[in-house]
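The values are calculated or read from the model by the stated rules, or taken from the named source; none is laboratory data. The model shown is predicted, which means the values in this text are computed figures rather than measured ones. As a convention, Cβ positions derive from the backbone with ideal geometry for all residues, glycine included, and neighbour counts pool all protein chains shown.
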């Protein structure tokens with residue numbers, strides 16, 4: 001049978017199978033594709049990094065403006081010459097047991113609380129808060145040479161719109177944390193007000209008025225106690241050798257007496273010149289107060305302290321005479337009665353003095369003799 005059909009041509013043959021083109025990239029194409037993908041990923045990563053950097057920068061500026069920024073500074077870059085410290089006996093504090101405890105804590109666990117500094121007009125860091133921490137680190141570095149004690153963690157005072165806080169505000173910041181911890185005596189708080197009033201950069205207020213600014217967060221009764229100590233320290237003008245040893249009640253009472261009898265101030269200053277210890281100073285003040293006349297009610301009375309109040313001396317009783325002896329007089333301090341005559345001092349009380357140890361009696365007698373020697 002003929003292979004041709006009636007139209008006269010043979011059947012069409014099947015087209016040869018055409019192989020599909022491979023889409024697998026060659027080495028050069030693969031390299032180009034990888035480079036493009038890497039560039040896209042890198043661009044996205046850079047955009048995200050820029051966004052995070054902008055957020056971090058904003059947080060940094062906010063923390064800096066609010067004074068929350070903490071930095072590590074070398075000890076040598078911090079000065080303590082601009083603001084006087086709020087401690088009367090800085091040398092005593094630096095050598096105290098409390099300082100040793102703080103040093104032991106820093107040595108074991110590092111500095112946990114930052115100090116506060118500000119930049120003065122010369123561009124130097126000045127200490128505002130944290131004198132004890134700075135002193136402890138300085139002593140540790142001097143004693144050990146360990147580099148971890150050569151720096152201090154500090155907060156830097158913010159400068160809003162380029163304006164530095166007022167001088168009084170810096171005094172307030174300096175004492176604030178110690179007042180909150182009740183770590184200052186009334187004499188120390190009064191001394192801060194006196195020092196601030198003498199500062200040439202603080203204008204317009206005397207020490208008494210500055211108490212209201214520096215300690216405005218305290219109760220008004222506490223501020224009245226501080227004002228009593230301000231008057232006391234200014235009246236004695238450096239003659240009180242151990243001001244921190246004067247309790248609240250004693251300081252308030254003594255200020256009231258000096259206000260009522262200012263002519264006696266010079267005599268008290270001469271007596272205090274012989275005070276070689278806080279105990280001797282206390283004895284001198286007690287004797288001075290015993291001779292005071294009833295004071296005018298021109299100063300606030302101190303509320304009772306937690307500790308038992310010191311005995312109040314009564315007015316000398318009328319002189320008593322004894323047969324066959326010179327005229328004597330009697331002074332009472334609580335339940336203790338003292339009868340004195342020429343060459344004789346008789347002490348009587350309900351207490352059994354024979355139960356007192358010999359060494360305690362000798363110590364009391366020595367103090368009595370020292371006090372008599374002070375009086376001349």
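Checking the structure you have, find out if any residue of region 329-342 is modelled with pLDDT of 75 or more and surrounded by fewer than 12 Cβ atoms within 10 Å (Cβ to Cβ). Steps first, answer last, please.
Step one: of region 329-342, the residues modelled with pLDDT of 75 or more are 329-332, 336-342.
This time we only want the ones that are surrounded by fewer than 12 Cβ atoms within 10 Å (Cβ to Cβ), so: 342.
Among the residues of region 329-342, at least one is modelled with pLDDT of 75 or more and surrounded by fewer than 12 Cβ atoms within 10 Å (Cβ to Cβ), which makes the answer yes.
Restricting attention to region 345-372, the residues being in contact (Cβ under 8 Å) with a residue 12 or more places away in the chain and either part of a loop (DSSP other than H, G, I, E, B) or loosely packed, with under 11 Cβ neighbours inside 10 Å (or both) number 3.
Matching residues to (1) touching a residue at least 40 places away in the same chain (Cβ under 8 Å); (2) farther than 29 Å from residue 166 by Cα; (3) buried (at least 16 other Cβ atoms within 10 Å of the Cβ); (4) not assigned by TED's automatic domain parsing to the domain that holds residue 281:
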{"site": "202", "(1), (2), (3), (4)": "no, no, yes, no"}
{"site": "221", "(1), (2), (3), (4)": "yes, no, no, no"}
{"site": "230", "(1), (2), (3), (4)": "yes, no, yes, no"}
{"site": "239", "(1), (2), (3), (4)": "no, yes, yes, no"}
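Summed over region 128-166, the residues that are modelled with pLDDT of 90 or more and surrounded by 13 or more Cβ atoms within 10 Å (Cβ to Cβ) give a count of 16. Scanning region 12-31 for residues that are modelled with pLDDT of 70 or more and surrounded by 10 or more Cβ atoms within 10 Å (Cβ to Cβ) yields 29, 30, 31. The residue that is nearest to the chain's Cα centre (by Cα), counting only those in region 63-90 that are exposed (fewer than 15 other Cβ atoms within 10 Å of the Cβ) and over 24 Å from residue 112 (Cβ atoms), is 89.
Residues that are in contact with a helix residue (DSSP H, G or I) (Cβ under 8 Å, 6 or more places away or on another chain), surrounded by 17 or more Cβ atoms within 10 Å (Cβ to Cβ) and not in a helix (DSSP H, G or I) are absent from region 257-267. Residues of region 110-127 being modelled with pLDDT of 90 or more and over 24 Å from residue 65 (Cβ atoms), which ones? Correct list: 110, 111. Kindly list the number of the only condition in (1) under 16 Å from residue 216 (Cβ atoms); (2) modelled with pLDDT of 75 or more that fails for residue 178. Among (1) under 16 Å from residue 216 (Cβ atoms); (2) modelled with pLDDT of 75 or more, the lone unmet condition for residue 178 is (2).
Residues of region 77-108 that are within 17 Å of residue 192 (Cβ to Cβ) and at pLDDT 85 or above: 80 alone.
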